[in-house]
1. Rounded to whole Å, give me the distance from the Cα center of the range 43-62 to that of the range 156-194.
2. What list do you get for Ser195, Ser178 if you sort them by fewest beta carbons within 10 Å?
3. Show me 21-28, 136-143, 67-74, 154-161 ranked by packing, highest mean number of other Cβ atoms within 10 Å first.
4. Give me the extension gain from Arg57 to Arg123: residue separation times 0.36 nm, minus the current Cα-Cα distance, reported in nm with one decimal.
5. Across the range 132-138, in residue order, what do the Karplus-derived ³J(HN,Hα) couplings come to in whole Hz, using 6.51 cos²θ - 1.76 cosθ + 1.60 with θ = phi - 60° and x for Gly and Pro?
6. Would you pull out the residues with amide H under 5 Å of Asn108's amide H, same chain only if 5 or more places away, H placed 1.01 Å from N?
7. Sorted by mean Cβ packing within 10 Å, highest first, what order do the peptides 262-271, 199-208, 76-85 take?
8. Jot down the radius of gyration and Dmax of the range 226-274, Cα atoms only, both in angstrom.
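What follows draws every value from the coordinates through simple rules; no lab data is involved. Fair warning: this is a prediction, and the values are worked out from it, not measured in the lab. Backbone-built Cβ (ideal geometry, glycine too); neighbour counts: all protein chains shown.
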Amino acid sequence: MTDTSDPSGNGYLARRRARRDLTGKHVVITGASSGIGRAAAVAAAEKGAVVILLARRADELSTVVDEITAAGGSAFGYQCDVTDADSVEQAIDAILGAHGHVDMLVNNAGRSIRRAVHRSTDRMHDFERTMAVNYFGAVRMTLALLPQMRERRDGHIVNISSAGVQVATPRFAAYLASKAALDKFAEVTAAEMRSSNITFTTIHMPLVRTPMITPSGDQGTGTQSAEWAAATIVRALTERPRRIDVPLGTLAEYGNLVAPGIKERVLHRYYRAIPDSAAAKGETVVEPETTDVEIITPQRHRRPVPPAVRVTGTALRRAARLVPGTHW
């Protein structure tokens, strides 16, 4: 392809390069005080973005801002609870007043709950809490920033979803239902906003190692680092694909299309093999409040793995290696 740009650099390739460049872009990241959000803020700032960080914990937020600034980046922090309409309105007014506009939004703040449905029959609040953060919080942020993006006819929104939505991982009904709702919201809104040049990327994250690790218990699966997740978010901001999936999620979707019964039996076997966490059983566990997004496994304490689980896990991993991650 040849660049048909004029001397001022307004051709197709010049515009594409400018779009992929994060230098000077105003990027809002929610849940940015720790974990994936913090790592994404650091990574985006290293690419030249002006990162605007939102979180409930003001002291931790200030620490991240100071760290990025000390490294030569540009960062600003605003205390905000995405579940509170007044808090979001005040934060957005302050951001637009100070920075003029927002180019990109990363809906990263979230809540994870790992509990089987039969242990949740008297815990409707589990479902309400996950929806409040993972779905309504992200929708609230999107709706707040959409008008100025439409006025400028430019914007990109990255939603942090979960590979579990594709897999239908047992014990995460509340969490995955909220993420599935956000997936569909983004899909519909992207179709409507196409002529306004506002795009969406949904990242189906695998398990990520962040501070929210104790309550979930050992799930018998591997995890990725927060830095890996941050690099994926930067890729979503610069390349703007519609989706970024991992091989296991893609394989699970194919399995649901061609052999849903087999997939369900495999998941039930996994469900029976991996025990409930102490928190899910109602045992005394100190469960920290968090705005981190991903379902987390605890720090590794090795214990014997049942042979059936080991064989099933090995087969799934080998099959997953044959399926490329989807980057549309």
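1. 24 Å
2. Working: Ser195 8, Ser178 30.
Ranking Ser195, Ser178 by Cβ neighbours within 10 Å, fewest first, gives Ser195, Ser178.
3. Numbers: 21-28: 18.1, 136-143: 21.0, 67-74: 14.0, 154-161: 25.1.
Output ranking for 21-28, 136-143, 67-74, 154-161: 154-161, 136-143, 21-28, 67-74.
4. Here the segment from Arg57 to Arg123 would lengthen by 21.1 nm.
5. 4, 8, 5, 9, 5, x, 5
6. For Asn108, whose amide H was placed from the backbone, the distant partners under 5 Å are Thr30.
7. Values: 262-271: 14.6, 199-208: 24.3, 76-85: 19.9.
Descending mean neighbour count gives 199-208, 76-85, 262-271.
8. Here Rg and the maximum Cα pair distance are 15.1, 41 Å.
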